[in-house]
Amino acid sequence: MTFVGQVISALVAALWASLARPLPTRASCPPGWWLPEGVSRHGHYTCWRAPVGQDHRDPDGIVRDASVLPKGEIVGNIYCTGGQVPIVVDYRTVGCQARH
């Protein structure tokens, strides 16, 4: 086999491998992460770390939010087909559901 034939074979194999893998229809954020914005109608979602810290009461009796949102986010997509739509299952899981 010539070099050009090997390159074409490698490209065909890579294309087949990418098409043979099913696209995700459900995803979950890791423990300690959550979905503050839910999922878009196109299946985009962003996981954020859970806030750290607690509220406290200052000397005037006003409750102040002392929590801090740690840096970092995980961005992903789910792919809903066949008339299904993306939904939020719980505070850290998204999936697809048939449209009613």
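The values are calculated or read from the model by the stated rules, or taken from the named source; none is laboratory data. Here the structure is a predicted model, which means the values were calculated and not measured. Here the Cβ positions follow ideal geometry from the backbone for every residue, glycine too, while neighbour counts run over all protein chains shown.
Selection over segment 52-93 of residues that are in a loop (DSSP other than H, G, I, E, B) and either closer than 19 Å to Pro30 by Cα or at pLDDT 95 or above (or both) gives a count of 7.
What pairs come out if I take residues in segment 40-52 that are more than 22 Å from Cys80 (Cβ to Cβ) and pair them with residues that are in a strand (DSSP E or B) whose C-beta lies under 6 Å away, six or more apart or interchain? What qualifies is Trp48/Glu73; Arg49/Trp33; Ala50/Trp34; Val52/Val68. How about segment 17-51: which of its residues are at pLDDT below 85 and of a type in the set (D, E, K, R)? The one that is at pLDDT below 85 and of a type in the set (D, E, K, R): Arg21.
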